[in-house]
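Scroll down for the structure; my scribbles are underneath it.
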Amino acid sequence: MEPPLTGYSLSEPSVSRALLAWYDAHRRDLPWRAKPGEQADPYAVWLSEIMLQQTTVTAVKPYYATFLGQWPRLEDLAAAPLDAVLRQWAGLGYYSRARNLHACAIMVMQRHGGVFPAEESLLRALPGIGAYTAAAIAAIAHGRRAVVVDGNVERVISRLFAIESPLPEAKAVIRAETDRLTPNERAGDFAQAMMDLGSMICTPRQPQCLLCPLAAFCVAKAEGRAGEFPIKAPKREKPIRHGVAFFLRRGDGAVLLTRRPARGLLGGMMEIPGGAWNETPDLEPLRLAPVAADWQRLEGEVTHVFTHFALRLSVYAAKAPSTLKVPDGCRFVAEEDLDAEALPSLMRKAVAAGRAFFADKQERAGERKKRWPNGEARNSRSN
DNA sequence: TAGCCGTGGGG
DNA sequence: TCCCCAAGGCT
């Protein structure tokens, strides 16, 4: 392989200097980010870092604003009921983050007097804070020198050095190279600069090498192969699972909900009752119904794609019998309160399908009354 | 260590 | 439509 045409040694501080100069001119203005010269708020940094785990800035912004508005300080969040946190988190995904966020807030209050520690090892011991987040908080919120490696850094470094080994195997090498490049001063800005670069210039597809402050140092760019990195191990294919869910609606519009088990998939979140999700559709789905009722199968299926499988959810709807005894662990939620519940996106789709079914039914009944006042039968809709 | 754990946007 | 991806952590 030819040597890179850089003329620089990557162990020199040239890289960090070039990057920080670029950052000072082009840094993103983000709600949780301190203005130049200001001190970052550890609570804001922590909250944003948890939300940003595997989640885009665009998706995080409204949630961050809501959380900070409702719980302006750590002690407010620690004092909140877990369900209130789950409700506000609903839709953002990876719900263990919300559970750990709440547990972490309580733990920082108890163990650290409400102040986030600056030591990585202490941060690392808190729920939801792993190697990346601990380093990020230490560097960004406390000004410590820490080696911050996230997905952006992995991409930038793997291109800078044209690392041919695939992820995740290459993680150790990438960390070592990041360590060598991380400056003793402004380590937090260096980390954020790497992330801004990865987000704005050194993007996964179509990297903008012509605008890159590190182009002169980049081996992959010199080889015209920037877009090929990072090399990744092949991923497994995604299986399909099938499930059933039951939308039970009371006359006043209230809907029967229950809470999922505290851990695991969608842990602690609300759902309409249903059965397990299996690799084959259930042959007798009605035996899974929470109550006996006149269940009608909705047309089509609610589909949802999770990280490691795709779900096809068959939804049944029924009007709650007047004599109904509410099943254990379930409760009716008023129609106007559904939006505020801790319903994950999948369940919001299922609820929307159920509500549409009843709205459509009501509309059909109205049409019949208007156009066929005698109660004459009408052909069923055929969409 | 590798599988589990969401969601929505973009190419 | 489909596939890829995003400031990872936990077990």
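Computed from the coordinates by the stated procedures, all read-outs in this text should not be read as laboratory data. On a predicted model such as this, the values are computed, not experimentally measured, just so you know. Please note: Cβ atoms are built from the backbone with ideal geometry, for glycine as well, and neighbour counts cover all protein chains shown.
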Practice problem: With N set to the residue count of segment A:10-117, report its C-alpha Rg divided by 2.2 N^0.38 Å to two decimal places. | Solution: 1.24
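Within 10 Å of each residue's Cβ, count the other Cβ atoms and sort A:L283, A:L167 from fewest upward. Don't skip to the answer; put the middle values down first.
On the way: A:L283 6, A:L167 17.
Ascending number of Cβ neighbours within 10 Å: A:L283, A:L167.
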Quiz item: Given a cut-off of under 8 Å on Cα pairs at least six residues apart, what relative contact order in percent is computed for segment A:15-223?
Solution: 23 percent
Exercise. Distance between Cα centroids, segment A:17-74 to segment A:173-223: provide it in whole Å.
Key: 19 Å
Exercise. Just add up the charged neighbours of A:M107: K/R +1, D/E -1, any other residue whose Cβ is under 13 Å from the Cβ of A:M107.
Key: +2
Quiz item: Could you name the aspartates and glutamates in cross-link range of A:K171, using Cα to Cα under 13 Å and dropping any fewer than eight places away on the same chain?
Solution: A:D150, A:E154, A:D179
Exercise. For segment A:256-322, just say rounded, prolate or oblate: build the C-alpha gyration tensor, square-root its eigenvalues into a ≥ b ≥ c, call rounded for a/c under 1.5, and beyond that prolate if a/b exceeds b/c, oblate if not.
Key: oblate
Quiz item: Of A:L311, A:L101, how do they rank once you tally other Cβ atoms within 10 Å and put the fewest first?
Solution: A:L311, A:L101
Quiz item: Of A:D337, A:D41, A:D282, which has the largest mean-square fluctuation in a 10 Å C-alpha GNM of chain A?
Solution: A:D337
Practice problem: Per DSSP H run of n ≥ 4, the term is -39500 (n - 2.57); total these for chain A, divide by its residue number, and report the mean residue ellipticity at 222 nm rounded to 500 deg cm²/dmol. | Solution: -11500 deg cm²/dmol
Quiz item: Counting other Cβ atoms within 10 Å, which trypsin sites (Lys or Arg not before Pro) in segment A:260-339 have at most 13 and lie in a DSSP loop?
Solution: A:R263, A:K325
Quiz item: How big is D, in µm² s⁻¹, for chain A by Stokes-Einstein at 37 °C and 0.692 mPa s if Rh is the Kirkwood radius over C-alpha pairs?
Solution: 135 µm²/s
Self-check item: Relative contact order (%) - criterion: Cα under 8 Å, at least six apart; region: segment A:240-369
Solution: 34 percent
Exercise. Please tell me the relative contact order of chain A in percent, rounded to the nearest whole number, where contacts are Cα pairs under 8 Å and at least six residues apart.
Key: 16 percent
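Test of the criteria: in segment A:124-170, which GluC sites (Glu not before Pro) are in a DSSP loop and have at most 16 other Cβ atoms within 10 angstrom of their Cβ?
Of the GluC sites (Glu not before Pro), the ones in loops of segment A:124-170 whose Cβ has at most 16 other Cβ atoms within 10 Å are A:E164, A:E169.
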Quiz item: Where the Cα atoms of segment A:15-223 are projected onto their three principal axes, how long is each span, largest first, in whole Å?
Solution: 54, 35, 33
Quiz prompt | Contour excess over end-to-end distance, with Cα ends at A:R73 and A:T258 and 0.36 nm allotted per residue | solution = 63.5 nm
Exercise. Pop a pseudo-label 7 angstrom from the Cα along the beta-carbon direction at both A:K232 and A:L30 and give the gap in nm to one decimal.
Key: 2.0 nm
Self-check item: Nearby lysines by direct alpha-carbon distance to A:K349 (threshold 20 angstrom, same-chain neighbours under 8 apart not counted)
Solution: A:K319, A:K361
